[in-house]
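The values are calculated or read from the model by the stated rules, or taken from the named source; none is laboratory data. From a predicted model like this one, the values you see are computed outputs, not experimental measurements. Here the Cβ is made from the backbone with ideal geometry for all residues, glycine too, and neighbour counts use every protein chain on show.
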Amino acid sequence: MPSKLWFEKGDIRKNRFIRGLSRSLIFVPGNNPRLLESATHSDADIICYDLEDSVPNKEKQKARALIKKQLRDGESILRYYLLEPDIFVRINSPESGMVEADLKEIVQDGIDGIVIPKVNSAKEIKKIEKIISTLEKKRKIKGIRLIPSIESSLGVMNCYEIASSSKRIV
């Protein structure tokens, strides 16, 4: 059994917001089924399945499918934790042209949030938020949070605008 506190089957699930600030985040390559499975035993506060840097372009679709399956199957493993980890997915950057394809595959029940790399402007966040809202409504889910990653001088110059562009940002 994983090292976190856990409930036996049938116990009430914990409040997902009991933890407050997250202390640790582990990135897991989305194209590696073994690592996706083993991440469920991590003590990290956030498990972040990665579609970006750790996945070669030719394996992006395979990674989307594996993460989609892990989100569906992993929920049954994680539901016994007292303080279960939040599940995020790091999508490809807004400039990559792959954001919509990533979101269409991974926005589903079982995901808590999206990490958006290489954010340069609030406009990028708004565009992604609109796609997520449409998918949430269509799939009858809600509450997906966002973590924008500022990785350029332009992003730094626009960081206040980016950070205040959405109520989803944590």
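Exactly one residue out of LYS118, LYS137, LYS58, LYS123 is modelled with pLDDT of 95 or more, over 21 Å from ALA39 (Cα atoms) and part of a loop (DSSP other than H, G, I, E, B): that is LYS118. Among what's in the stretch 36-59 and is more than 23 Å from ARG145 (Cβ to Cβ) and surrounded by 14 or more Cβ atoms within 10 Å (Cβ to Cβ), pick the residue that is farthest from the chain's Cα centre (by Cα). Result: GLU59.
Picking from residues in the stretch 101-159 that are among the basic types (Lys, Arg) and in contact (Cβ under 8 Å) with a residue 12 or more places away in the chain, the one that is surrounded by the most Cβ atoms within 10 Å (Cβ to Cβ) is LYS118.
Any residue that is more than 17 Å from VAL89 (Cβ to Cβ), part of a loop (DSSP other than H, G, I, E, B) and within 17 Å of the chain's Cα centre (by Cα) - is there at least one of those in the stretch 151-160? Looking through the stretch 151-160, none of the residues is more than 17 Å from VAL89 (Cβ to Cβ), part of a loop (DSSP other than H, G, I, E, B) and within 17 Å of the chain's Cα centre (by Cα).
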